[in-house]
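Right, one structure below, let's go through it.
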């Protein structure tokens, strides 16, 4: 499979999973967290899909397209190893939807990063909340759920908190 095909599968899967997670969490009132802004494509999609929701973006430094840049009050800047625990103090376990696309091209490095971040992400999710990730995550109390039919297996992963 070409790198272009892999990229297309990832983009199609991200959109399908974000849309599915939005539908699954429509009755929840908590915020949406976007972990990693990049050029802002998924933030822009989430903003268009969930215009009534509070969306907060965690990023080290903003380098996004101007049309896809969050407002200052939506940005939580810094290292996620520090900003995620601070977010738990600020928001509590109330996130309805968390999307993370933090990895790069080194799969071993991505996996190590996912293992380090999983325990920081898990306590942020509300009961009934959904986590969408471009990488497999390692949660103790979240259940991996089926992807929507439009998503390509292995290009996105979804998890839900079923109980507190």
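Before moving on, here are some points about what is shown:
- Within the stretch 101-108, one or more residues are part of a helix (DSSP H, G or I) and under 26 Å from residue 8 (Cβ atoms).
- In the stretch 80-93, residue farthest from residue 39 (Cα to Cα) [restricted to those that are buried (at least 18 other Cβ atoms within 10 Å of the Cβ) and in contact (Cβ under 8 Å) with a residue 40 or more places away in the chain]: 87
- Listed by first and then second residue, the pairs linking a residue in the stretch 1-29 that is under 15 Å from residue 155 (Cα atoms) to a residue that is modelled with pLDDT under 95 and in a loop (DSSP other than H, G, I, E, B), with Cβ atoms under 6 Å apart and 6 or more places separating them unless they lie on different chains, are 9/155; 10/155; 13/155.
- Residue 38 vs. criteria farther than 23 Å from residue 160 by Cβ, part of a loop (DSSP other than H, G, I, E, B) and touching a residue at least 40 places away in the same chain (Cβ under 8 Å): yes
- Looking only at the stretch 15-40, residues that are under 21 Å from residue 147 (Cβ atoms) and at pLDDT below 95 come to 1 in all.
For every residue, the table says whether it meets (1) in a loop (DSSP other than H, G, I, E, B); (2) surrounded by 15 or more Cβ atoms within 10 Å (Cβ to Cβ).
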{"position": "7", "(1), (2)": "no, no"}
{"position": "14", "(1), (2)": "no, yes"}
{"position": "19", "(1), (2)": "no, yes"}
{"position": "22", "(1), (2)": "no, yes"}
{"position": "27", "(1), (2)": "yes, no"}
{"position": "44", "(1), (2)": "no, yes"}
{"position": "48", "(1), (2)": "no, no"}
{"position": "51", "(1), (2)": "yes, no"}
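- Of the residues 57, 130, the single one that is over 21 Å from residue 160 (Cβ atoms), modelled with pLDDT of 95 or more and buried (at least 17 other Cβ atoms within 10 Å of the Cβ) is 57.
- From the options 96, 151, residue that is under 16 Å from the mean Cα position of the chain (by Cα), part of a loop (DSSP other than H, G, I, E, B) and either at pLDDT 95 or above or farther than 30 Å from residue 5 by Cβ (or both): 151
- Some residue of the stretch 119-129 being part of a loop (DSSP other than H, G, I, E, B), closer than 18 Å to residue 25 by Cβ and over 14 Å from the mean Cα position of the chain (by Cα): no
- Scanning the stretch 32-41 for residues that are in contact with a strand residue (DSSP E or B) (Cβ under 8 Å, 6 or more places away or on another chain) and surrounded by fewer than 20 Cβ atoms within 10 Å (Cβ to Cβ) yields a single hit, 36.
- Listed conditions (1) in a loop (DSSP other than H, G, I, E, B); (2) farther than 25 Å from residue 86 by Cβ are all met by residue 164, apart from (2).
The values are calculated or read from the model by the stated rules, or taken from the named source; none is laboratory data. Everything numeric here is computed off the predicted structure, so don't read it as measured data. We place every Cβ from the backbone using ideal geometry, glycine too, and count neighbours over all the protein chains shown.
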